[in-house]
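Peer 1: What follows is a single structure, and I will ask about it in a moment.
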Amino acid sequence: MIIGIGAGNPDLMTVQAIAALGRVDVFFIPDKGAEKSELRELRLDICRRFLEDRTPRFVDMTMPKRARPGAKDYDGVVDDWHDRIAEAYADLFARELKDGQCGGLLVWGDPALYDSTLRIVERLKATLPDLDYEVVPGISSPQLLAARHRIPLNRIGAPLLITPARRLANGIPDGVDDVVVVLDGEHTYRRTDGEAFDIYWGANLGLPDEILISGKLADVRAEIDAAREQARAAKGWVMDTYLLRRRKI
Ligand SMILES: C[S@@+](CC[C@H](N)C(=O)[O-])C[C@H]1O[C@@H](n2cnc3c(N)ncnc32)[C@H](O)[C@@H]1O
């Protein structure tokens, strides 16, 4: 069972996701190191809160580390990393799940958006051909961003681009007016034309230290920089997502 748990606040768990938790015998909880331990705790809190008197088992999964991709071999590095994660899951499932038992993977936000769990589980079918699974959707970070800023993500009848920041290294393509940026380790909003775009920025959405800033990019860029650095300094990491919306002239 692959369960989307929403992008922060446990209140974002859907009724379907809560029901799915109740069918899991063994949860596999990824351990991504100290920095991400708050996210690990949040997954466990969700289980404690919604499982009531059920007592499934929890098994830690040490995530294999990704090699540092060079400029050109990004896909190859990710492919190799996914293979190693799939192998680790195959071993764990074989060891920890008895016949007929249900394993559970809790995926941050929605499993279909910038998360590789579904791709990795698909690979597992090569070694575990009888593996069957369900996917439960969750509230993703772009959805949460939009709700917190009280904005629609797209304009009427217009397309919306959702992209990791690294794909904007050469700027926002002509003809793209609304872009949701995720996975930004590079402060991409700093390199974007501050007069041409508004920004709706959200950090640690749904968590107690959530920050929201919006406005003309040129006006709020320094404020975002400072808030981002402060949030990162406070606990060693920050997750941010933002919409860049081309201003109408
Ligand atoms: C690997 S992607 C996972 C996306 C997730 N599956 C979803 O549906 O939101 C991680 C990126 O999502 C964004 N993100 C996830 N949770 C967030 C949150 N609570 N606040 C702000 N951004 C978040 C950040 O851009 C982060 O770098």
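The values are calculated or read from the model by the stated rules, or taken from the named source; none is laboratory data. Since this is a predicted model, take the numbers as computed values, not measurements. Because the Cβ atoms are built from the backbone with ideal geometry, glycine has one as well, and the counts that use them run over all protein chains shown.
Peer 1: Which of the residues spanning region 115-132 are buried (at least 16 other Cβ atoms within 10 Å of the Cβ) and in contact with a strand residue (DSSP E or B) (Cβ under 8 Å, 6 or more places away or on another chain)?
Peer 2: Residues satisfying the conditions are Asp115, Thr117, Val121.
Peer 1: For the condition β-branched (Val, Ile, Thr), on the phi < 0 side of the Ramachandran plot and free of Cβ contacts under 8 Å to residues at least 12 places away in the same chain, what is the one hit in Ile249, Ile211?
Peer 2: Ile249
Peer 1: If you go through region 196-213 one residue at a time, do you hit one that is buried (at least 18 other Cβ atoms within 10 Å of the Cβ), within 13 Å of the ligand (Cβ to nearest atom), in a helix (DSSP H, G or I) and not aromatic (Phe, Trp, Tyr)?
Peer 2: Within region 196-213, not a single residue is buried (at least 18 other Cβ atoms within 10 Å of the Cβ), within 13 Å of the ligand (Cβ to nearest atom), in a helix (DSSP H, G or I) and not aromatic (Phe, Trp, Tyr).
Peer 1: Taking interchain pairs and intrachain pairs at least six residues apart, which have beta carbon atoms under 6 angstrom, with the first residue in region 175-203 and closer than 13 Å to Ile224 by Cα and at pLDDT 95 or above and the second among the acidic types (Asp, Glu) and within 16 Å of the ligand (Cβ to nearest atom)?
Peer 2: So the pair list comes out as Ala203/Asp240.
Peer 1: Which one of Ile85, Ile139 is crowded, with 18+ Cβ neighbours inside 10 Å and modelled with pLDDT under 95?
Peer 2: Ile85
Peer 1: Only residues that are acidic (Asp, Glu), within 16 Å of Thr62 (Cα to Cα) and free of Cβ contacts under 8 Å to residues at least 60 places away in the same chain: list them for region 88-119, please.
Peer 2: Asp91
Peer 1: Regarding region 145-156, can at least one residue be identified that is modelled with pLDDT of 95 or more, within 25 Å of Gly8 (Cβ to Cβ), surrounded by fewer than 15 Cβ atoms within 10 Å (Cβ to Cβ) and small (Gly, Ala, Ser)?
Peer 2: yes
Peer 1: If you don't mind, another one. Please determine whether any residue of region 120-129 is hydroxyl-bearing (Ser, Thr, Tyr), under 23 Å from Leu39 (Cα atoms) and touching a residue at least 12 places away in the same chain (Cβ under 8 Å).
Peer 2: no
Peer 1: Considering only region 214-243, state which residues are within 13 Å of the ligand (Cβ to nearest atom) and part of a strand (DSSP E or B).
Peer 2: The answer is Asp240, Thr241, Tyr242, Leu243.
Peer 1: Can you list residue pairs whose Cβ atoms sit under 6 Å apart, with the first residue in region 130-145 being within 28 Å of Ile213 (Cα to Cα) and more than 9 Å from the ligand (Cβ to nearest atom) and the second being in a strand (DSSP E or B) and β-branched (Val, Ile, Thr)? Count only pairs 6 or more apart in sequence or on different chains.
Peer 2: No pair meets every condition.
Peer 1: Related question: Out of everything in region 2-42 that is in contact with a helix residue (DSSP H, G or I) (Cβ under 9 Å, 6 or more places away or on another chain) and at positive phi, what residue ends up being surrounded by the most Cβ atoms within 10 Å (Cβ to Cβ)?
Peer 2: Gly6
Peer 1: Starting from region 222-234, keep only residues that are on the phi < 0 side of the Ramachandran plot, then list their pairs with residues that are hydrophobic (A, V, I, L, M, F, W, C) and at pLDDT 95 or above whose Cβ atoms are within a distance under 6 Å, requiring at least 6 positions of separation or different chains.
Peer 2: Pairs found: Glu223/Ile213; Ile224/Trp201; Ile224/Ile213; Ala227/Ile211; Ala231/Ala203.
Peer 1: If we keep just the residues of region 146-172 that are touching a residue at least 24 places away in the same chain (Cβ under 8 Å) and part of a strand (DSSP E or B), which is nearest to Ala86 (Cα to Cα)?
Peer 2: Pro164
Peer 1: Just name the residue that is surrounded by the most Cβ atoms within 10 Å (Cβ to Cβ) out of those in region 173-188 that are outside any strand (DSSP E or B) and within 12 Å of the ligand (Cβ to nearest atom).
Peer 2: Among those that are outside any strand (DSSP E or B) and within 12 Å of the ligand (Cβ to nearest atom), it is Thr188.
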